[in-house]
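Worksheet: one structure, shown below.
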Amino acid sequence: MKPRMIVAAVAVALLLSPLTVPGAAWSAETKTRNDVDTYRLLNLFGDVFERVRSDYVEQPTDEEMIEAAITGMLAALDPHSAYLNAKNFREMQVNTKGEFGGLGIQVTMEGGYVKVISPIDDTPAHRAGIKPADIITHLDGETVQGMTLNQAVDKMRGKIGSDIKLTIVRDGGKPFDVTLTRAVIKITSVRSKVEDKIAYIRITSFNEQTDKGLKAEMAELHKKLGKEIQGVVLDLRNNPGGLLDQAVAVADAFLDKGEIVSTRSRKAEDTQRFNARPGDIANGLPMVVLINGGSASASEIVAGALQDHRRAVLLGTKSFGKGSVQTIMPLPGHGAMRLTTARYYTPSGHSIQAKGIQPDIVVQQARIENIDQPKGRSEADFRNALENGEAPEGAKPRDHPTVPPADKAAPKKPDQGVQQDKRPADQKPSDPAKAAEAKPAEQQDYQLTRALDLLRGLALFPGRVATTTN
């Protein structure tokens, strides 16, 4: 056999080996392909492989060329299919367990550049102000154009404590540099707090600990608030997704019945449907789910399920729109391949892919600002205005107002229409809007404030709030 044909035969074996792993098989369509054309194209691959091997200016290794060919083949399919060498495969397995090293940033490729899906809470990227939809054009001064996603991610990873300079373009503006220090990223995927009788739960990603963490946090909130709890805010903003089974478990936790999500692949018989089981950890309380452009994949599954079953009101901005399923297929001795095998569909049958989830109430993130306005006149300002006729609480009715003696007259106040509240701070009625305004601008969360307002409004009419799924 000629050397070129030997190379072609090796290429055939290497290219076909991923299709012989457990759980994978030739489809009927593949079996019926024209074998002559297939082997002709594989011969072309063998020709190119041999020319590069013999004539390239530097001596590449066969392993490097074969891995590059597989990487290019998968990357050409869509932004999420990829080849993972043994090192990257091990790192991916660690990532899903909730702890890894790096910058704390979820990315994809778009137009040859690295695009940020979202930063992860309490990570170097989050603290540096990296935002969803930021475009990373250079890493340490080196352009990312020409790199694969895995190569760019590898470059962003490195020794803990070392720095890397990212060049970023935001909203089409001028490029600017951000220097980040690599750190060990420990993801606490679920956090919670009490917001004035409302349970606030934030899910930052869907890893192996998410379902367990959600139930533990919700139980703690029930213990703190008891019967006073008025509603639940589920914050999925800037959550880039993760494991499908964890997304199904989170949606199931708030639903009593019905479909959560379906996955549909090329073959109709491979369609899968995931349904909710009885039991709602929020006991039917009204819910608001916060989403934005950084909410992707598993986040969109949860949001879509709760929206379609009218279990929650979605508030915020349109989600990212990643509605595809990636299956990890181990390649013994060679890492694994991540292949897009299906699309996600919400219970109503809508595909999430490239469309995203539209919120029920669109609220852009904004700053709360007081606007100074001149004090207007009211009925009480008119001369000889008719008295109210009701005595203040705790006071006896009087026929005539009394005027205190001059020496005991109350000092003048800047605004006679406002009475001071001398109760201790912990006994005064809370005003969420004023509390938000009192915070520094960078700490204000306008979308969360609107979500809390909505739940407080619903709590005023408990008999009219639908708490069951359809």
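The values are calculated or read from the model by the stated rules, or taken from the named source; none is laboratory data. These numbers were taken from a predicted model, which means no experiment stands behind them. Virtual Cβ from ideal backbone geometry, glycine too; neighbours counted across all protein chains shown.
Go through the residues of the range 305-314 one by one and say whether even a single one is small (Gly, Ala, Ser), out of contact with any Cys (no Cβ under 8 Å at 6 or more places or on another chain), in the same structural domain as Leu255 (by TED's automatic domain parsing) and assigned to a helix (DSSP H, G or I). Yes - at least one qualifying residue is present in the range 305-314.
Taking the criterion of being crowded, with 17+ Cβ neighbours inside 10 Å and over 27 Å from Ile105 (Cα atoms), would at least one residue in the range 288-297 satisfy it? Steps first, please.
Applying the first criterion (crowded, with 17+ Cβ neighbours inside 10 Å) to the range 288-297 yields 288-297.
Subset that is over 27 Å from Ile105 (Cα atoms): none.
No, because not a single residue in the range 288-297 is crowded, with 17+ Cβ neighbours inside 10 Å and over 27 Å from Ile105 (Cα atoms).
In the range 305-325, the qualifying residues are those that are closer than 20 Å to Thr340 by Cβ and out of contact with any strand residue (DSSP E or B) (no Cβ under 7 Å at 6 or more places or on another chain), and the one that is surrounded by the most Cβ atoms within 10 Å (Cβ to Cβ) is Lys322.
Residues that are buried (at least 17 other Cβ atoms within 10 Å of the Cβ) and part of a loop (DSSP other than H, G, I, E, B) within the range 262-280 comprise Ala276, Asp280, listed in sequence order. Total residues in the range 126-152 satisfying the condition of being at positive phi and surrounded by 12 or more Cβ atoms within 10 Å (Cβ to Cβ): the figure is 3. If the condition is being over 8 Å from the mean Cα position of the chain (by Cα) and in a loop (DSSP other than H, G, I, E, B), then the range 281-292 contributes Ile281, Ala282, Asn283, Gly284, Leu285, Pro286. Provide a single number: the residues in the range 290-332 that are closer than 15 Å to Ala451 by Cα and among the aromatic types (Phe, Trp, Tyr). Selection size over the range 290-332: 0. Can you name the residue in the range 365-385 that is among the acidic types (Asp, Glu) and in a loop (DSSP other than H, G, I, E, B) and is also nearest to Ile291 (Cα to Cα) among such residues? That would be Glu369. Quick check: anything in the range 205-217 of a type in the set (A, V, I, L, M, F, W, C), surrounded by 18 or more Cβ atoms within 10 Å (Cβ to Cβ) and in the same structural domain as Gly294 (by TED's automatic domain parsing)? The answer is yes, given that some residue of the range 205-217 is of a type in the set (A, V, I, L, M, F, W, C), surrounded by 18 or more Cβ atoms within 10 Å (Cβ to Cβ) and in the same structural domain as Gly294 (by TED's automatic domain parsing).
Taking the range 233-264 as the range and being over 18 Å from Asn292 (Cβ atoms) and without any contact (Cβ under 8 Å) to a residue 60 or more places away in the chain as the test, the residues that pass are Asp245, Gln246, Val248, Ala249, Ala251, Asp252, Ala253, Phe254.
Whether a residue is touching a residue at least 60 places away in the same chain (Cβ under 8 Å) and either over 28 Å from Met73 (Cα atoms) or among the aromatic types (Phe, Trp, Tyr) (or both) was assessed, and Val325 does not pass this test. Among all positions in the range 180-188, there is no residue which is at positive phi and either modelled with pLDDT under 95 or in contact with a Pro (Cβ under 9 Å, 6 or more places away or on another chain) (or both). Apart from one condition, Ile185 fits all of (1) of a type outside the set (S, T, N, Q); (2) under 21 Å from Gly104 (Cβ atoms); (3) surrounded by fewer than 24 Cβ atoms within 10 Å (Cβ to Cβ); (4) free of Cβ contacts under 8 Å to residues at least 60 places away in the same chain; the exception is (4). Could you please let me know if Lys155 is surrounded by 15 or more Cβ atoms within 10 Å (Cβ to Cβ) and over 22 Å from the mean Cα position of the chain (by Cα)? Judged against the criteria, Lys155 is a match. The criterion of at least 2 residues that are more than 33 Å from the chain's Cα centre (by Cα) and modelled with pLDDT of 90 or more is met by none of the strands (runs of 3 or more DSSP E) wholly inside the range 15-132. Take the range 350-366 and flag every residue that is closer than 21 Å to Asp270 by Cβ and free of Cβ contacts under 8 Å to residues at least 40 places away in the same chain. Ser351, Gln353, listed by residue number.
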